[in-house]
Structures are given as structure tokens and as C-alpha cells.
1. In straight Cα distance, which lysines are under 16 Å from K42, not counting same-chain residues fewer than 8 positions off?
2. Can you list the lysines whose alpha carbon sits under 19 Å from that of K221, skipping same-chain ones fewer than 8 residues off?
3. Measure up K111/K218; K142/K227; K111/K224 against 30 Å on the Cα-Cα distance and list the ones that go over.
4. What's log10 of I(q)/I(0) for the range 24-246 at q = 0.08, 0.18 Å⁻¹, Debye sum over Cα points only, no solvent?
5. With 10 angstrom as the radius, rank E199, E27 by how many other C-beta atoms surround their C-beta, starting from the fewest.
6. For the range 99-112, what does the Karplus curve 6.51 cos²θ - 1.76 cosθ + 1.60, with θ = phi - 60°, yield as ³J(HN,Hα) per residue in whole Hz, taken in order and with x for Gly and Pro?
7. Within the set of other residues whose C-beta is less than 14 Å from the C-beta of Q118, count the net charge using Lys and Arg as +1 and Asp and Glu as -1.
8. List the lysines whose alpha-carbon lies under 19 Å from that of K149, not counting same-chain residues fewer than 8 positions away?
Amino acid sequence: MKKRIYYLAIILFFSNGIVFSQTTINEVVYKKRTLIDLSKVKTDNDPTKEAMVKAIPIAMGKKAYKLVFNDTESLFTEILSLNDEGLTNTFANVSAKFSGGTEGKFYINMKQDTLLHQKSFRTDLLLIKSKVSDLDWQLDFKTSKKVGKYTCFKATTSKKILMSSGKTVDQPITAWFCPELPYPFGPTEFAGLPGLILELEYYDKTVVYADQINLNKKVDKKQKPIKPLKKGIKVTNQEYIDFMKKGGRQYTRPKK
């Protein structure tokens, strides 16, 4: 009898240790598609151009992204897949990679009102810092639609984009957020709404949409699935835009 109690105590000790070493996070897998009617894209009956255009939606379909978040922080990254090796069409692969503003990693801390975007620029790694509150959202609770099984409402904002002419232009962004999922996060840099963003319509006619939602997922605390981004040359968003206007080939640290 004593042995049984002893073994039971050991089992409970280790099982409690496992429980206490776990925490929960939320996870959403996003995918993307294009709203452009590719059948209307002019290819001049060139077989090469036609193949390039047809490969774009295929390449987009192979891309997937993961958003992990808790009550205050989130991290958005690309899910690297072996399927990417099958993207032999370089043009389509590049188009799929850069469409929808999904290049790089995005970290958000709502308490600190901080957005960090880590991305490569030629041979450099940049860490672009801005504020979540810089986004000026316009909410429209009169306009709704279903995204999967969830009812979502419309919100719009804009993003400053540097055009080839050298001018910065405010480009429209439309988000569909779900108050039923009361988390202020979404794909890439977009956050701050009263509900999880399940679909995002980017200015380049790319839609980033939630494909899988996994709430309260148990993970080991030691894994630390959400870590602030630290590597890279630290610049503000305006410093980055100013540098791009100059068309420099390599980034240098801004002079203070």
C-alpha cells in the first residue's frame, strides 16, 4: 500500500511539473490570394508571359504565414515550406513573396504601442520601428460579411507607400475584424481593432485571409513563441522612407 502511494506521489509530482511548465498562446495561419483578374492581363500572346501570369496564383497558394499572440504581444512570420522549392517561375515567386506587404517579420506590443518590422534590404537587415497607434482606423459596423464561420465588420485605413516617382502616397487598406474574437491583432503590421483581423485587403489587390485558427494552444514556456525582434539596423519608418527616396544601394546607420 505504501509503495502504491509512493509511486502515485511521484506520478503526480512529474505531471504537475509538466502542467506548470506549460502556457497557452493563440495561433492563426494566414494565406493569400489576388483580386486581380489575371485573364485580363495583357501578355501579347507571348507564351513566356502567359506562363508567368498563370504561375502567380499558384505561387501565392503555396505561401503561408503564422500569427502567434497572447493578450499583449504578437509575432507574424512566414511559414517556410518545402513546397516553395517547386516555384521554378522566379517572377511568380517574387510576386507572391512581396504582394500583400508580408515580407519579413512583424512584432507588436500593445502595452508599449510598439511595432517592429524586421526585413532584409540587399545585404543589410533592418529593424523598422513605428507605433501601432499611427494607424488611423475608420470603423464601419454597418458593413459586415462572413469569413469562414465568423461575422466580421469593416475597417479602413491607409499606408504611406513610396512610388517609383519618388512621391509617398497614402494607399488604402481594408480589414475585416471579428469582435467575437476579442484580440487586437492581425496580419503583418495591422492591429488595434476591437477584434481579430481575419481578412485584409491590401492596396495591391492582395487578400491575406485566416485559413486556420487555433486558440489557447498549449506550449512549453521554454519555447518562448513570442520574442521581441532585436537584430537589425534600427531605424524609424520615416528614416526608412527617406532612405528609399534617395535610391541608395546599401543602408547605413542614420546620423544622430
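Derivation of every value follows stated rules applied to the coordinates shown; laboratory data play no part. Quantities reported herein were computed from a predicted structural model and do not represent experimental measurements. Using ideal geometry, Cβ is built from the backbone for each residue, glycine included, and neighbour counts are taken over all protein chains shown.
1. In chain and number order, the partners are K54.
2. K221 reaches K66.
3. Values: K111/K218 23 Å; K142/K227 37 Å; K111/K224 18 Å.
Those over the limit are K142/K227.
4. Summing over Cα pairs of the range 24-246 leads to -0.30, -1.50.
5. Numbers: E199 22, E27 16.
By the 10 Å Cβ count, ascending: E27, E199.
6. 5, x, x, 8, 5, x, 10, 10, 10, 10, 10, 5, 4, 8
7. Numbers: positive: K105, K119, K129, K227, K230, K231, K234; negative: E78, E103, D124, E189.
Computed value for this residue: +3.
8. Correct list for K149: K31, K32.
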